Amino acid sequence: MPTATKEDFRQALADIPAYPALHGRLAQEFRRLTDYNKAANLFISPAPILSQIRINALIDGKKVIMPAAGLREGFYILTPYTIPFAKLNLAVSLKGLTSFGRRLHYADLAGLKIDLLVTEATAVSEKGERLGGGDGFFDLSSAALGASHALNVNPKVCAVIDNEARFVESLPSSSRDVPINILISPSGSKALSEGFTAPDLDWRHIPAKRIKRMTPLWDIKQQELPPANPEPAAAVRCRE
């Protein structure tokens, strides 16, 4: 019997309803986490289910790092107490991020010390395996942040779901997937896998067009290229 693929799971879970009315309650449950209260800098995906979590983090005095749309412009940082309260909902959206956030260039990422990464999920398994929407942006963002030295030592990864049907026994996974340490669901918080290792950027699996489109990947790739060998001085003198 063939093994079920990630796409098989996505299709099987496609009809599970979402419950936006629970998002505020999920944000409050997240706010109770010890790891959240100890964190100073958080990377949070731009998904609507995480909107109130992003707002709460700013209200609580934490810095929020978000990816720009499609990772084309890399990452932005939102700083607490610099955004009018009435504008917070807009500021934590992709529409308002570029107006209220500050774009982070490659040199800005090193030493950022992100303590907690937060994402949505199509499904999460009891072992901490995560199934995303298929675009790979969270795993790619995590790998880029790791390669840019933006993560603190042993950061935690939290996923949020608004329907218990998305919590399953097992899921297919690969070495490029980021495991989930903590799950927030309507039934509360659950500790899942332990430890964190940022996945390596495996350039073999990233199309060249995608690297050129995504600023963080392009910057990292340029850093990894060996410096061009200068022409020997003798050769230069011969031409002169």
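Each reported figure results from applying straightforward, stated rules to the coordinates on display, with no laboratory input. In this text, all values refer to a predicted model and were calculated from it rather than measured experimentally. Note that each Cβ is placed from the backbone with ideal geometry, even for glycine, and that neighbours are counted across all protein chains shown.
Using bins of 5 Å that start at zero, the share of Cα-Cα pairs per bin across region 6-238 amounts to 1, 6, 14, 18, 19, 16, 11, 6, 2, 1, 1, 1, 1, 1, 0, 0, in whole %. Between S173 and D60, take the C-beta separation as r, use R0 = 30 Å, and let me know the FRET efficiency to the nearest 0.05. With a Förster radius of 30 Å, E is 0.40. Across all directions, the average projected area of the convex hull around the alpha carbons of region 60-190 is 8.7 nm².
Panel values: region 102-169, Kirkwood radius from alpha carbon pairs, Stokes-Einstein at 10 °C and 1.306 mPa s, translational diffusion coefficient 120 µm²/s. Over all other residues within a Cβ to Cβ distance under 14 Å of S185, the charged ones net out to 0, with Lys and Arg as +1 and Asp and Glu as -1. Local charge for I55 was computed over the other residues whose Cβ lies under 12 Å away, with Lys and Arg +1 and Asp and Glu -1, and equals +3. For the chain, modelled as a GNM whose springs connect Cα atoms under 10 angstrom apart, the maximal fluctuation among T215, T82, T119 occurs at T82. With θ taken as phi - 60° and the Karplus curve 6.51 cos²θ - 1.76 cosθ + 1.60 applied, the whole-hertz 3J(HN,Hα) list for region 72-88 is 5, 9, x, 10, 10, 10, 9, 9, x, 6, 10, 10, x, 3, 5, 9, 4 Hz, x standing for glycine and proline. Take the Cα of A14, step 7 Å toward its Cβ, do the same at T98, and the gap between the two points is 3.2 nm. Straight-line cross-link reach from K221 at under 19 Å between alpha-carbon atoms covers these aspartates and glutamates, not counting any fewer than eight positions away in the same chain: E73, D108, D139, D200, D202. All other residues whose Cβ lies under 9 angstrom from that of K156 are scored, Lys and Arg at +1 and Asp and Glu at -1, for a net of -2.
Karplus-based coupling profile of region 55-69, in residue order and whole Hz: 5, 4, 4, 5, 4, 7, x, 9, 7, 10, 9, 10, x, 6, 4, with θ = phi - 60° in 6.51 cos²θ - 1.76 cosθ + 1.60 and x standing for Gly or Pro. Amide H contacts of Y76: M66, A68, L104, each under 5 Å away and 5 or more positions distant or on a separate chain (H built 1.01 Å from N in the peptide plane; Pro and chain starts excluded).
The peptide list 202-211, 104-113, put in order of mean Cβ contacts within 10 Å with the highest first, becomes 104-113, 202-211.
Scalar couplings 3J(HN,Hα) for region 204-214, obtained by applying the Karplus form with A = 6.51, B = -1.76, C = 1.60 to θ = phi - 60°, are 5, 9, 10, x, 4, 5, 5, 4, 5, 6, 9 Hz; x denotes Gly and Pro.
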